[in-house]
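Everything on this sheet refers to the single structure shown next.
The values are calculated or read from the model by the stated rules, or taken from the named source; none is laboratory data. Quick caveat, the model's predicted, so the values are computed rather than measured. Protein only, heavy atoms only, side chains kept; ligands, DNA and RNA dropped before computing areas. Shrake-Rupley method; radii C 1.70, N 1.55, O 1.52, S 1.80 Å.
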Amino acid sequence: MAGSGSGPAGSPTDVCQVSAVTFLPQPCEPCEPCEPPGCAVLAMPSEIDFCNASGLLPLITTAVDQRSDGLRLLVLDLSATRFMDSQGVRLIAAVRRRLPERTLLRVVAAQQGVPSRVLELSGLRRDVPVHDNLAEALRP
């Protein structure tokens, strides 16, 4: 069935929504040290595809630009992302190109999940480290 909504009389429509990127200032458990200075974690939406990828890039770059503490590490958290197509790969590659020279990019994606597999098949995984969990991605 095409589209993700229904129009008049139940006919399918194409509905695209731009999901917001959530900035997580403290993505840790209370007993663990929180995200180190110079690090930012951005939780990505449950789906990254043609409908929302182009809208996510400005949200990510704005979040990076607003960091005044000299961002050294950006983590894109795809742990809640259940679907990602080639637009997600293009998005991550674009983020990587736009980051300041000294800022590292890491991705969190479940090893058996679709995003991890898409990153593997595209070859982007060779250029951007992909970790199974957030704690691993935040390690120095």
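For segment 57-100, the Cα gyration tensor yields ellipsoid semi-axes of 21, 12, 9 Å (square root of five times each eigenvalue, largest first, whole Å).
Shape class for segment 62-140: prolate, because the ratio a/c of the largest to smallest gyration tensor axis (alpha-carbon atoms, square roots of eigenvalues) is 1.5 or more and a/b beats b/c. Of the heavy-atom accessible surface of segment 34-126 (probe 1.4 angstrom), what whole percent is carbon and sulfur? Percent of accessible area from carbon and sulfur atoms in segment 34-126: 50.
Rolling a 1.4 Å probe over the protein heavy atoms gives segment 27-140 an accessible area of 56 Å² per residue.
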